[in-house]
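The values are calculated or read from the model by the stated rules, or taken from the named source; none is laboratory data. Values in this document were obtained by computation on a predicted structure and should not be read as measured data. Methodologically, a virtual Cβ is constructed for each residue, glycine included, from the backbone with ideal geometry; neighbour enumeration extends over all protein chains shown. To get the accessible areas, we keep the full protein, side chains included, count just its heavy atoms, and leave off ligands, DNA and RNA. Shrake-Rupley method; radii C 1.70, N 1.55, O 1.52, S 1.80 Å.
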Amino acid sequence: MNAFEDHGFVKLDVGREERTGHPEVVFGQGKTAEQVAVIVSRLIEVHGRALVTRASVEMAERVKESYPEATYDEQSRLIRYGQAARKLPGKIAVLTGGTSDIPVAEEAIGTAEWMGCDIDRIFDVGVAGIDRLLAQKERIREASVVIGVAGMEGALISVVGGLVRRPVIAVPTSVGYGANLQGITTLLAMMTSCAAGVTVVNIDNGFGAGYQAAMILQLVAEAT
């Protein structure tokens, strides 16, 4: 039996949950609303849940015609249906440098929640006003995994990486003026951080950060 189904326009990886613990996630951008609806419908039939990233309002409306319980968040651009069979242990702290980084942070949050994680939102704690960050130090240290979402020069990550004894996942955003180069400056700064224990995902990739954080907590769950 194949671990995928050929629907012509998509070869759906219906065996992914068995291999990884979670179903295939749909990248909505570039697909039609009808294609997304077909994919989501089959994922729900097989797994009982589905997640679409970079989704549009039109996609959400089409999905809700068949699954009115599905939710759409315009900020994160996520369509979610169903939830993980079990809650994962621990908590993920999601920090942003500024308010402008929140849409990317919410993509990470929505992804991790769908995978069974609890979240602590700690927004607008960039280093330009470092007292804001230091005031949250103990709260950040209570987390099992920390996701830091920032644009500009990305300095938030190096500071946070030096404060905690937990994995830190850095998400560079495209927020910033000209020399930010649509997030490339932030990406390179985070990749060259002097703080140990920091890993970096792609620019504006909140989904990747949320997924990775959840996989860390899934490992913890399987070890207990």
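Considering only residues that are in contact (Cβ under 8 Å) with a residue 24 or more places away in the chain, open to solvent by 10 Å² or more (accessible area, probe 1.4 Å) and either hydroxyl-bearing (Ser, Thr, Tyr) or under 20 Å from Arg16 (Cβ atoms) (or both), which ones fall in region 54-74?
If the condition is that a residue be in contact (Cβ under 8 Å) with a residue 24 or more places away in the chain, open to solvent by 10 Å² or more (accessible area, probe 1.4 Å) and either hydroxyl-bearing (Ser, Thr, Tyr) or under 20 Å from Arg16 (Cβ atoms) (or both), then Arg54, Ser56, Ser66, Tyr67 are the ones that fit.
Scan region 183-204 residue by residue and report those that are without any contact (Cβ under 8 Å) to a residue 40 or more places away in the chain and part of a loop (DSSP other than H, G, I, E, B).
Correct list: Thr192, Ser193, Cys194, Ala195, Ala196, Gly197, Val201, Asn202, Ile203.
So, of the residues in region 11-23 that are out of contact with any Phe, Trp or Tyr (no Cβ under 9 Å at 6 or more places or on another chain) and part of a loop (DSSP other than H, G, I, E, B), which turns out to be most open to solvent (accessible area, probe 1.4 Å)?
Gly21
Conditions: (1) aliphatic (A, V, I, L, M); (2) over 30 Å from Lys137 (Cβ atoms); (3) surrounded by 17 or more Cβ atoms within 10 Å (Cβ to Cβ). Ala3 meets all but one. Number of the miss?
The single condition Ala3 does not satisfy is (3).
Inside region 24-33, can you point out the residues that are open to solvent by less than 30 Å² (accessible area, probe 1.4 Å) and either more than 21 Å from Ala85 (Cα to Cα) or over 20 Å from the mean Cα position of the chain (by Cα) (or both)?
Passing the criteria: Gly28, Ala33.
Kindly indicate the residue of region 113-129 that is at pLDDT 95 or above and aliphatic (A, V, I, L, M) and also farthest from Val159 (Cα to Cα) among those meeting that condition.
Filtering first and then ranking leaves Met115.
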